[in-house]
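Report on the following structure.
The values are calculated or read from the model by the stated rules, or taken from the named source; none is laboratory data. On a predicted model such as this, the values are computed, not experimentally measured, just so you know. Note: ideal-geometry Cβ built from the backbone for every residue, glycine included; neighbour counts use all protein chains shown. SASA here: full protein model, heavy atoms, side chains in, ligands and nucleic acids out. Shrake-Rupley method; radii C 1.70, N 1.55, O 1.52, S 1.80 Å.
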Amino acid sequence: MQEIPEALERHIKSLSDHFENEDTAVRQRQIRQWRKMKLYWAGFTRIWFSETAHNWQIWDQSIETEDNQASYYDKPINLFRAYLESIIAALSINIPVVHCTPDDAENPDDINTAEAGNNIYLMVSKYINSQLLFIQALYVLCTEGMVAAYTYSKEDEKYGTYEDKKYEDMEVEARQCAVCGMVLSDELFAEAGLEQPQEEIEDFDSSELDEFAPDDDDVHLHALLNKQEIVCPQCSSLLDPSLEKQKLIIPRLTGITKKPKSRQCFEVYGGLYVKVPNYAKEQKDIPYLRFSYETHYANAIARFEKLQGMAKKDVQLKREGSSGIYDPYERWGRLSPQYYGEYPTNNVTVRMYWFRPESYWILEEDNVKELKNKYPDGLKAIFVNDILCELHNENLDDCWTITKNPLSDYIHYDPLGLLLTSVQDITNDLIALTLQTIEQGIPQTFADPAVLDFEAYRNSEATPGGVYPTKAQGATKNIAEGFTTLKTASLSPEVMPFGASIQSMGQLASGALPSLFGGGGSEQGSKTASEYAMSRAQALQRLQTPWKMLTLWWKDSWSKIIDSYIKDAVDDEHFTKKDYQGNFLKVYIKKAQLEGKIGSVELEGSEQIPSTWQQKKDALMQLLQMNNPQILEALMSPENLSLLKEALGLQDFVMPGEDYRIKQFEEIRQLLDSEPLPDGSPSVPIDVELDDHALEAEVVKSWAVSEAGRLAKIENPSGYMNVLAHGKEHIMQVQLMQAQEMAAAAGQNEKPKKGQQIKGDNQNELRLPVGQKSN
């Protein structure tokens with residue numbers, strides 16, 4: 001357990017208290033706004049802020065009174081969440097892909113490390129669920145504005161273990177080669193009478209002289225061995241038989257410890273969890289960062305050793321809130337909306353501070369020097385409520401990446417959903433007003449008791465066409481004069497157009513246009529497919545700014561993850577991926593590949609918002625309708641057959657040649673598990689009569705230059721040559737059939753001589769398969 005001196009603990013608490021109390025009023029307003037966004041997202045849109053309780057109050061129908069029945073008509077529809085979910089879905093069709101570039105394009109180590117960095121991105125993306133993380137970042141953007149990524153390395157035995165070998169220097173007396181520095185065994189000098197071998201070992205002279213097929217490089221060494229000279233086993237240099245021992249320092253293995261492997265973690269948070277100063281324009285301007293979250297006190301005790309000795313006797317740890325009079329306000333902002341204003345009873349607040357070295361200067365100069373000596377790169381302090389548990393030397397920028405909004409002057413900016421709160425409020429009022437007006441619009445009828453017997457009418461059964469007795473007021477008065485009908489309310493004809501106008505303005509303000517989530521285009525126009533596509537393109541164009549901002553933030557976050565993986569790598573790793581041809585590849589990330597330097601991490605491909613499958617289908621259909629031979633040939637290539645089938649959306653649709661393509665890939669997997677036969681033919685022969693030789697030869701050629709083929713050429717050369725031999729037989733059959741067709745065409749063009757029989761005219765002629773001869 002880390003022991004923290006009392007003086008140092010006072011300095012750290014002075015730092016935390018200083019930055020905790022700055023921007024208090026601004027921070028409270030921000031928490032109030034972010035809390036409102038979370039409540040609206042959860043569907044609690046009938047809320048008001050209580051200045052007495054200093055929080056948002058949620059209307060509960062169970063507290064209705066007879067004097068206030070207005071909430072009976074509150075039937076809100078959550079347009080706030082519907083519009084934002086449409087934006088999130090449109091921007092998360094495909095997550096941005098990054099790739100690494102070498103620092104020096106002519107340095108093989110840098111090139112290998114850059115390639116390994118690309119594989120690190122693919123592997124880490126799989127086990128951190130990067131698609132869900134990108135969706136979460138969009139959610140934070142919509143409800144809190146600023147998005148912060150916390151990337152770090154975590155050790156755990158569930159990720160696997162590795163052997164950590166410990167060595168210590170040991171002083172021994174031994175002989176050493178003057179050329180290569182190798183420590184020489186006593187057995188080499190036994191024949192010279194200087195040492196007696198302690199145990200039987202393999203004779204170096206005999207093994208070297210018995211070498212199979214010696215060449216010119218062995219001339220000097222074998223000549224020395226034939227003269228029974230003493231030769232260094234490593235560099236083959238001649239050794240002096242009288243070489244004396246000397247004291248040497250050599251490393252000795254003292255123990256092996258199994259340690260847990262580490263994995264890279266990626267977490268996304270907003271302003272409710274991460275506090276940074278409001279005056280900062282960019283991340284480099286923040287002197288500190290505070291990350292806070294709530295958890296059960298048992299989790300905190302299990303994580304921090306300092307709490308384990310005081311958990312049973314210190315009730316304050318379990319019951320008292322975090323330090324400062326404003327911290328309960330922070331906890332309220334992060335509270336789940338499902339609590340309805342209640343609070344969990346067994347939670348504590350974990351606060352992590354990252355201080356830059358510049359922030360030390362709020363202390364006395366001597367204390368600044370002390371902190372800079374102990375934590376020169378920055379200080380990470382972890383509190384549980386008021387208890388300081390851990391201190392670490394850690395750089396803020398190595399762990400955190402904060403978005404930079406180009407449409408804001410500062411690091412904080414309004415959430416995207418803030419533009420929709422007014423639309424949601426007006427919609428709630430319109431719905432309540434319309435429902436109430438419809439109910440109040442039912443007319444009421446007043447009757448004269450002298451005309452209608454109410455008691456008899458109330459006890460009678462209403463039947464269609466029924467006749468009820470009434471009393472006439474006089475010979476000159478009509479019975480209808482005794483009844484009056486009143487309609488207390490009617491809906492204004494301006495309400496519905498106004499509601500439609502509000503929705504239109506909300507769509508324009510937020511960017512959630514109808515064509516974005518499948519709605520129609522403009523009211524006017526032909527509403528054709530091309531018009532709808534144009535309308536959707538315009539809707540996506542409205543979201544280009546948040547998309548570009550998040551992709552750059554995504555790229556910067558991944559550059560830190562890749563660097564962290566390279567730093568913590570202790571062993572080779574591997575994972576399995578599927579290429580575009582449907583092959584499963586076992587990809588290795590070898591520690592030997594991580595010796596170079598990565599120049600930068602860049603976004604791969606276009607920065608445009610990714611297309612949906614419907615858009616890809618439309619593009620493919622347009623290409624097919626062009627009837628361009630080159631385009632049709634490219635679309636019908638074996639590699640694109642699966643893409644066409646998926647774009648058509650017909651799983652039962654049979655693409656020409658698909659079975660041959662699948663069959664050839666199965667044969668490739670079999671060929672990789674063996675090697676060519678001694679005569680050079682493949683271990684899996686072709687079927688001359690049944691195979692589609694042209695298509696299968698094209699599949700083999702495409703596989704050979706693919707990533708799977710290039711990897712097999714290096715790691716499985718015999719299997720690779722086996723596949724090539726199989727492909728060559730397909731090519732030979734294609735060439736043979738072409739030669740036969742050319743010969744047949746040439747024969748038809750020749751005019752037969754008189755009396756000469758034309759080949760092929762005889763209907764009874766037997767056409768033999770290729771390779772067979774007639775008797």
For the table 591/713; 261/577; 380/548; 165/380; 38/154; 590/663, the rows whose alpha-carbon distance is greater than 28 Å are 380/548; 165/380; 38/154; 590/663
Report the GluC sites (Glu not before Pro) located in the stretch 12-57 that are in a DSSP loop and have at most 15 other Cβ atoms inside 10 Å of their Cβ, or state none.
22, 51
Expected vector for the stretch 713-724, Karplus 3J(HN,Hα) from phi with 6.51, -1.76, 1.60 and θ = phi - 60°, integer Hz, x for Gly and Pro, equals 4, 8, 8, 9, x, 5, x, 4, 5, 5, 5, 4
Two-site FRET efficiency, residue 75 against residue 444, from Cβ-Cβ distance with R₀ of 25 Å, rounded to 0.05:
0.55
Name the residues whose placed amide hydrogens come within less than 5 Å of the amide hydrogen of residue 176, ignoring near sequence neighbours (fewer than 5 apart) on the same chain.
184
Between the stretch 339-380 and the stretch 86-131, the Cα center-to-center distance that results, in Å:
33
Rounded, prolate or oblate: pick one for the stretch 92-169, where a ≥ b ≥ c are the square roots of the eigenvalues of its C-alpha gyration tensor, a/c under 1.5 means rounded, and failing that, prolate if a/b is larger than b/c, else oblate.
oblate
Heavy-atom accessible area with a 1.4 angstrom probe orders 721, 352, most exposed first, as 721, 352
So how exposed is residue 252, as accessible area in Å² (1.4 Å probe, rounded to 10)?
110
According to a simple spin-label model (label point 7 Å from Cα along Cα-to-Cβ), what is the distance in nm between residue 604 and residue 591?
2.7
Rounded to the nearest 0.05, what FRET efficiency do residue 358 and residue 7 give with R0 = 25 Å and r taken as the Cβ-Cβ distance? Could you check?
0.70
Sort 123, 182, 505 by accessible area with a 1.4 Å probe, largest first.
505, 182, 123
In whole Å, how far is the Cα centre of the stretch 688-719 from that of the stretch 404-460?
69
Gain in length, residue 161 to residue 470, computed as 0.36 nm per residue apart minus the alpha-carbon separation, to one decimal in nm?
101.5 nm
Working with all protein chains in place, sort 667, 481 by solvent-accessible area computed with a 1.4 Å probe, largest first.
481, 667
What FRET efficiency comes out for the pair residue 126/residue 17, r = Cβ-Cβ distance, R0 = 30 Å, nearest 0.05?
0.10
